[in-house]
Amino acid sequence: MTNHRVPPTTGPGMQHSGTGRERLYKVLVIGDLGVGKTSIIKRYVHHSYSTNYRATIGVDFALKVLNWDSETVRLQLWDIAGQERFGNMTRVYYREAMGAFIVFDATRPTTFEAIIKWKEDLDSKLMLTNGQSIATVLLANKCDQGREVLTNNNIKMDQFCKDNGFAGWFETSAKDNTNINEAANFLVKHIMATENDILKSEIPDTISPHLDDTQPKTCSGCFKP
């Protein structure tokens, strides 16, 4: 998958259409080369899996539309090439994202070791308006091929996620369609919760006047209840 174009966006968050409320969220899918990011996206969006693997160059995009309660949720998934962490474009790619998957290969320890570097890169270049990091979920992909990283290193994944700012983690397999939808739904819930927290914390742009009924109303432009 090759693409360097940045897709048009009206910005993240809630929107209104003629048929009701919609939410548009930009979601990053990042991690080292060959961990299965593109395969996860293809499985999630197109319900397909292919053994013909071609490395993503730069960034590619996919759109997933969800019917979420009474709303429409559109996820703009950004498939970012594994080597991009070493370049200078990730700040542009990360802009306005509301959530992220960081993916590693459950059979390759070096891809797990790179997780912290990806998380640090993300947190250093992107922050929500309330000063918090975006919702990020860790995916231990290719679990159908083995679980060496999870079993041989005595890693307590729940504690690892808590210590490093991940909302949670899932063992996934794009080949077997294991936990792909579950992980995405989990991330969407956290994005929505984060968005609601931001909206509650924002100061309204308008100022509500407080009237003093003890003062005489001599101005013709004053509000009269």
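The values are calculated or read from the model by the stated rules, or taken from the named source; none is laboratory data. Keep in mind the model is a prediction, meaning the values are calculated, not measured. Reconstructed Cβ throughout: ideal geometry from the backbone, glycine too, with neighbour counts over all protein chains shown. Protein only, heavy atoms only, side chains kept; ligands, DNA and RNA dropped before computing areas. Shrake-Rupley method; radii C 1.70, N 1.55, O 1.52, S 1.80 Å.
How many nm is it between the label spots at MET127 and ASP158, if each spot is 7 Å from the Cα in line with the beta carbon?
Going from the MET127 label point to the ASP158 one covers 3.1 nm.
Mind checking region 56-164 for GluC sites (Glu not before Pro) that DSSP puts in a loop (not H, G, I, E or B) and that have at most 15 other Cβ atoms within 10 Å?
Answer by residue number: GLU96.
Could you tell me which trypsin sites (Lys or Arg not before Pro) in region 84-146 are loop residues by DSSP with no more than 15 other beta carbons within 10 angstrom of their beta carbon?
ARG95
Taking Cα pairs under 8 Å and at least six residues apart, what relative contact order does region 11-170 come out at, in percent?
The value is 23 percent.
Tell me, what is the percent relative contact order of region 122-189, built from C-alpha pairs under 8 Å that lie six or more residues apart?
Value for region 122-189: 34 percent.
Could you tell me which of rounded, prolate or oblate describes region 39-85, using a ≥ b ≥ c as the square roots of the eigenvalues of the alpha-carbon gyration tensor, with rounded for a/c under 1.5 and, failing that, prolate when a/b is larger than b/c and oblate otherwise?
It comes out oblate by the Cα gyration axes.
Return the subset of LYS26/LYS142; LYS119/LYS175; LYS64/LYS156; LYS117/LYS200 for which the Cα-Cα distance in this structure is over 30 Å, preserving the input order.
Going by Cα-Cα distance, LYS64/LYS156; LYS117/LYS200 fall outside the 30 Å limit.
Take ASP69 and GLU182, extend 7 Å from each Cα along the Cα→Cβ direction, and tell me the distance between the two endpoints in nm.
Here the modelled spin labels are 2.3 nm apart.
Keeping all protein chains in place, calculate the accessible area per residue for region 73-166 (probe 1.4 angstrom), answer in Å².
Heavy-atom SASA per residue in region 73-166 reads 46 Å².
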